[in-house]
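Novice: Structure in structure tokens, see below.
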Amino acid sequence: MLIARRRQGIASARPSPLPSFRRDPARTGPGPPVAAAETIQTASSSTPNPVGAPARYALALLSLADDKRADEPGALDRIAADLEGLLGLWRDDAGFRDFIADPRLDAVKQRAGTFAILDRAGIGTEVKNLVGVMITNRRLSALPAVAQAFGTLLAERRGQQTAEVTTAHPLSETQRAQIVARLTEAGHSGVRLAEHIDPSILGGLIVRIGSRLYDNSIKSKLQRLQYAMKGAA
């Protein structure tokens, strides 16, 4: 049986200590501060709007939430919280991740198993209906991308900045709060996190917000060390 854990801290294998996002004394001119002791890159453009099937599902849910606000003013916040909760299940429960990504399951088994998890987590009707449509269309594996796309669209509407955070392991609540706090100190306002897990970075984290990229991953540090050793040879 799958055991869904909402927003549970990870006791081990956490990312390395967070970088300090501070202004580089050698840097002049306007713009947000840069992170110390890590690779800093300027992207060609800001974080793009979501596209493809996940964006279409997210837009449909956003439109539904807007329609419901006439009778329920808090509908948008409630639906957003449900999607964030669903994303939390996916981040924190490896069994749930494996289940929704399993191509061998037919629609009947996927629906029964997924709805049982959503009911235990208290996910509302609108998000459950969205999940049902995705199961029918064999798109359930795109569920995390849909939740991320919805969050990005909502953040854009509210004038918030989305920070794409990549780590080798799920973040704890404390780490999420630390990242938001340090990005805020660096001059970014209304920050929300869009989290991605990539074991290949080995540890640390990569943060992209707007046109800024802060790379504090162990993979990049090892690459820099390798280049330095080659140069010294």
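Novice: Going by the conditions given, is Ile179 assigned to a strand (DSSP E or B) and buried (at least 20 other Cβ atoms within 10 Å of the Cβ)?
Specialist: no
Novice: Please state which of the following conditions Lys68 fails to meet, knowing it meets all the rest: (1) over 25 Å from Gly210 (Cβ atoms); (2) loosely packed, with under 14 Cβ neighbours inside 10 Å; (3) modelled with pLDDT of 55 or more; (4) more than 17 Å from the chain's Cα centre (by Cα).
Specialist: Unmet for Lys68, out of (1) over 25 Å from Gly210 (Cβ atoms); (2) loosely packed, with under 14 Cβ neighbours inside 10 Å; (3) modelled with pLDDT of 55 or more; (4) more than 17 Å from the chain's Cα centre (by Cα): (2).
Novice: Pick out the one residue from Glu164, Glu156 that is surrounded by fewer than 17 Cβ atoms within 10 Å (Cβ to Cβ), of a type in the set (D, E, K, R) and touching a strand residue (DSSP E or B) at 6+ places or on another chain (Cβ under 6 Å).
Specialist: That would be Glu164, the only listed residue that is surrounded by fewer than 17 Cβ atoms within 10 Å (Cβ to Cβ), of a type in the set (D, E, K, R) and touching a strand residue (DSSP E or B) at 6+ places or on another chain (Cβ under 6 Å).
Novice: Please state which of the following conditions Pro144 fails to meet, knowing it meets all the rest: (1) within 19 Å of the chain's Cα centre (by Cα); (2) modelled with pLDDT of 90 or more; (3) in a helix (DSSP H, G or I).
Specialist: With (1) within 19 Å of the chain's Cα centre (by Cα); (2) modelled with pLDDT of 90 or more; (3) in a helix (DSSP H, G or I) applied to Pro144, the lone miss is (2).
Novice: Could you say which residue among Ser45, Ser63 is more than 29 Å from Glu173 (Cβ to Cβ), at pLDDT below 90 and over 18 Å from the mean Cα position of the chain (by Cα)?
Specialist: None of the others qualify; the one that does is Ser45.
Novice: Also, I was wondering about something else. Select from segment 117-130 the residues that are in contact (Cβ under 8 Å) with a residue 40 or more places away in the chain, of a type in the set (Val, Ile, Thr) and part of a helix (DSSP H, G or I) and write down the one among them that is nearest to Phe96 (Cα to Cα).
Specialist: Only one residue fits best here, namely Ile117.
The values are calculated or read from the model by the stated rules, or taken from the named source; none is laboratory data. The structure presented is a predicted model; accordingly, all values stated were derived computationally and were not measured. All Cβ positions, even for glycine, are placed from backbone atoms using ideal geometry, and neighbour counts span all protein chains on display.
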